[in-house]
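Peer 1: Sharing a structure, written as structure tokens. Questions coming.
The values are calculated or read from the model by the stated rules, or taken from the named source; none is laboratory data. Here the structure is a predicted model, which is why all the values come from computation and not from measurement. Cβ: placed from backbone, ideal geometry, glycine included. Neighbour counts: every protein chain shown.
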Amino acid sequence: MRIGTSNSTKLLDNACVNEYKIPLIVMMENAVLAAFKHMDIANNQKYVIVSGVGNNGGDGLGIARQLKAHGKEVDVFIVGNIEKMSECSKINYNILKAMDISTNIIDKENLDYLKSKIKNSDVVVDCIFGTGLERDIKGIYYDVIDIINQNKNKTYSIDVPSGINATTGDILGICIDADKTISFEFYKRGFLKYATKEFIGEVIVEHIGIPKYILDKYDDKEYITDIELIKENIKIKNKFSFKSDFGKVAIFAGSRGFTGAAYIATQAAVKSGSGLTTLISDSYVQNIASQKLCEAMTLDIDEDEKVKKLIKGCDAIGFGCGMGDNEVTYNKLEYVLKNTTCTIIIDADGLNILKQKKELLENNPDRIIITPHLGEMARLTGYPIDYIRDNKVDVAKEFAKKYKLIVLLKGYETVITDGEYTYINPTGNAAMANGGMGDTLLGIITSFVGQGMTNLMATVCGAYIHGYIGDTLSKKLYTVNATDIISSIPKIIKFFQK
Ligand SMILES: NC(=O)C1=CN([C@@H]2O[C@H](COP(=O)(O)OP(=O)(O)OC[C@H]3O[C@@H](n4cnc5c(N)ncnc54)[C@H](OP(=O)(O)O)[C@@H]3O)[C@@H](O)[C@H]2O)[C@@H](O)CC1
Ligand SMILES: Nc1ncnc2c1ncn2[C@@H]1O[C@H](COP(=O)(O)OP(=O)(O)O)[C@@H](O)[C@H]1O
Ligand SMILES: [K+]
């Protein structure tokens, strides 16, 4: 699913109208019919439409007509200067008048009437502002939004809950508290902001008849990952496959007190389908982990020659889980990067050691994937956590571009980007917020890179599948742990295999 801003919508509108000769009223009617499908007419009878005088308002007037045509009771209210009504809204307004569907122009005097109609309705359809909102909401607009929020039974917002800036997610003074948002063509970038989530309700993105090749042209290269993309990327094991076809990977992980991290990351790679997996750790961890790792091999990190030989032949290397934030870990990372050419996936202490010394990243373009959580990203970038949380796409993109690597910024709606293409991961949940989850993810991504996926797709697919398993398990489990995820990996990957 594509992500877009107010600007993308404007550019697309202009291209459709001027270049491709699709009249705006045609797109508006498509938008009306698309939104109408989600008006839940089987369960509601009384609707209040509140329209502004821009095109978002025009959508509302069209929806009012459709609702009437389906036998619903509809009260239409318009807020704003009717003289300034947009051309297409005017067309829909005139149709309503010609059909004798009465409309009320809102002023200070009839706010009580609006309130009583809202109280008495099943659904308020919010069409005050869409992507055209740019400045703070004041005066009568403020009062109307407040009245809707205080008195509604349910509110369905068209394109954007009025009051939310579609690009930034900022609330411009006040906003509609929507139960459902029916948005057109793009999942609005502003919806990604955590603070906005509680106002957008369920979000549905509908197409309004714009051909794919036109959308591709005006694409911001930002997407919500969908299941089809995963299915396209999961490798089919054909009958002639050999273990070398599924990659040779190594995991550098663990230290005293962090044996679990080593086991989890390694076992996750094994279960994700790697042909050959080796855990490289200190001898203490090796002794313990090897008791549990039946399929993976283990190697002592201090056996220099053996390590060098092994990593030179690897297709991907995972690095950092539970290794310790110290000079030894830094030296090992430097060593691994120097002695290999394959992709290195860096997490946890592998990231912590980089905070003062980012030259390792600078000198290794296009072969590193980093998987920080917000805290680790704060240490890497120097930005405060709150700033990163509110600007996660931009922060991740900036870092990826600067160091020519892939950033997977973890958390609710994990961001994955190579600086040019960005994917937001829709899977995963709070039941997964416990130790070891990141190690599991590292193992899955390392395995996928080793199996031949591009670095970007391995990261996108890894995050999606990791979260998908968590979502599936959390339906029955109060907490989902790393070992739960690991045992479900083969079954779920099989489900995605085309
Ligand atoms: N391709 C698509 O996706 C299609 C999209 N479509 C729909 O069009 C919508 C975008 O329409 P839009 O551009 O007319 O902007 P919209 O959101 O109605 O707002 C503009 C109005 O609000 C006013 N106004 C703004 N801020 C204000 C404030 N703070 N306080 C008070 N007033 C304020 C502004 O007034 P002005 O700034 O001119 O004074 C103007 O009157 C989009 O969201 C979707 O629903 C479809 O119909 C067709 C295809
Ligand atoms: N609330 C949440 N919603 C979605 N995913 C989550 C949530 N909490 C945690 N996760 C996922 O769980 C993993 C936790 O990783 P991380 O923070 O590195 O944990 P650890 O280092 O303890 O293993 C990440 O992939 C993250 O996206
Ligand atoms: K709206």
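Peer 1: Note down all Cβ pairs under 7 Å where the first residue falls in region 295-317 and is closer than 22 Å to S255 by Cβ, the second is of a type in the set (K, R), and they're at least six residues apart or on different chains.
Peer 2: Going by the 7 Å Cβ cut-off, the qualifying pairs are L299/K306; I301/K332; C314/K248.
Peer 1: Could you tell me which residue of region 122-135 is modelled with the lowest pLDDT, considering only residues that are touching a helix residue (DSSP H, G or I) at 6+ places or on another chain (Cβ under 9 Å) and part of a loop (DSSP other than H, G, I, E, B)?
Peer 2: Looking only at region 122-135, we keep the residues that are touching a helix residue (DSSP H, G or I) at 6+ places or on another chain (Cβ under 9 Å), and these are 124-134.
Pick out the ones that are also part of a loop (DSSP other than H, G, I, E, B) and you get 128-134.
Working: I128: 98, F129: 98, G130: 97, T131: 96, G132: 94, L133: 96, E134: 88.
Top of the filtered list is E134.
Peer 1: So for region 152-165 (the condition being surrounded by 21 or more Cβ atoms within 10 Å (Cβ to Cβ) and away from ligand 3 (no atom under 15 Å from the Cβ)), does at least one residue qualify?
Peer 2: No; the residues of region 152-165 include none that is surrounded by 21 or more Cβ atoms within 10 Å (Cβ to Cβ) and away from ligand 3 (no atom under 15 Å from the Cβ).
Peer 1: Among the residues of region 54-89, how many are assigned to a helix (DSSP H, G or I) and in contact (Cβ under 8 Å) with a residue 24 or more places away in the chain? Spell out how you get there, then give the answer.
Peer 2: Pass one, region 54-89, residues assigned to a helix (DSSP H, G or I): 55-69, 82-84, 87-89.
In the following step, the residues that additionally are in contact (Cβ under 8 Å) with a residue 24 or more places away in the chain were identified as 55-68, 82, 84, 87-89.
Number satisfying all stated conditions: 19.
Peer 1: Tell me which residues, restricted to region 156-201, are of a type in the set (S, T, N, Q) and either in a loop (DSSP other than H, G, I, E, B) or more than 9 Å from ligand 1 (Cβ to nearest atom) (or both).
Peer 2: Taking region 156-201 first, the residues of a type in the set (S, T, N, Q) are 157, 162, 165, 167-168, 181, 183, 196.
Within region 156-201, S157, S162, N165, T167, T168, T181, T196 meet the criteria.
Peer 1: Restricting the first residue to region 144-170 and requiring it to be outside the structural domain of M28 (by TED's automatic domain parsing) and on the phi < 0 side of the Ramachandran plot, which pairs with a second residue that is modelled with pLDDT of 95 or more and of a type outside the set (G, A, S) meet a Cβ separation below 8 Å and a spacing of at least six or different chains?
Peer 2: Note: no pairs meet the criteria.
Peer 1: Sticking with this one: Looking only at helices (runs of 4 or more DSSP H) that fall completely inside region 226-303, which ones have 2 or more residues that are closer than 20 Å to I317 by Cα and in contact with a helix residue (DSSP H, G or I) (Cβ under 9 Å, 6 or more places away or on another chain)? Walk me through it before giving the result.
Peer 2: Values: elements: 227-233, 259-271, 283-292.
Per the criteria, 259-271, 283-292.
Peer 1: What pairs come up if the first residue lies in region 418-438 and is under 18 Å from A458 (Cβ atoms) and without any contact (Cβ under 8 Å) to a residue 24 or more places away in the chain, the second is away from ligand 1 (no atom under 16 Å from the Cβ) and among the small types (G, A, S), and their beta carbons are under 8 Å apart, counting only those six or more places apart or on different chains?
Peer 2: G419/A400
Peer 1: Just name the residue that is nearest to ligand 3 (Cβ to nearest atom) out of those in region 124-135 that are crowded, with 24+ Cβ neighbours inside 10 Å and over 12 Å from I164 (Cβ atoms).
Peer 2: Only one residue tops the list, namely C127.
Peer 1: Also, quick follow-up: Can you work out which of the residues in region 86-107 that are touching a strand residue (DSSP E or B) at 6+ places or on another chain (Cβ under 8 Å) and of a type in the set (A, V, I, L, M) is nearest to ligand 2 (Cβ to nearest atom)? Let's see the steps before the verdict.
Peer 2: Of region 86-107, the ones touching a strand residue (DSSP E or B) at 6+ places or on another chain (Cβ under 8 Å) are 89, 93, 96-97, 101-106.
Okay, now just the ones that are also of a type in the set (A, V, I, L, M), so 96, 101, 105-106.
Numbers: L96: 44, I101: 45, I105: 45, I106: 40 Å.
By that ranking, first place goes to I106.
Peer 1: Hey, does region 254-277 have a residue that's basic (K, R), on the phi < 0 side of the Ramachandran plot and more than 34 Å from the chain's Cα centre (by Cα)? Spell out the reasoning first.
Peer 2: If we filter region 254-277 for residues that are basic (K, R), which is where we start, we get 256, 271.
Pick out the ones that are also on the phi < 0 side of the Ramachandran plot and you get 256, 271.
Now narrow it down to the ones that are more than 34 Å from the chain's Cα centre (by Cα): 256.
Yes, region 254-277 has at least one match.
Peer 1: Checking K138 against (1) away from ligand 3 (no atom under 16 Å from the Cβ); (2) more than 26 Å from K197 (Cα to Cα); (3) at pLDDT 95 or above: exactly one of these is not met. Which one?
Peer 2: It fails just one condition, (2).
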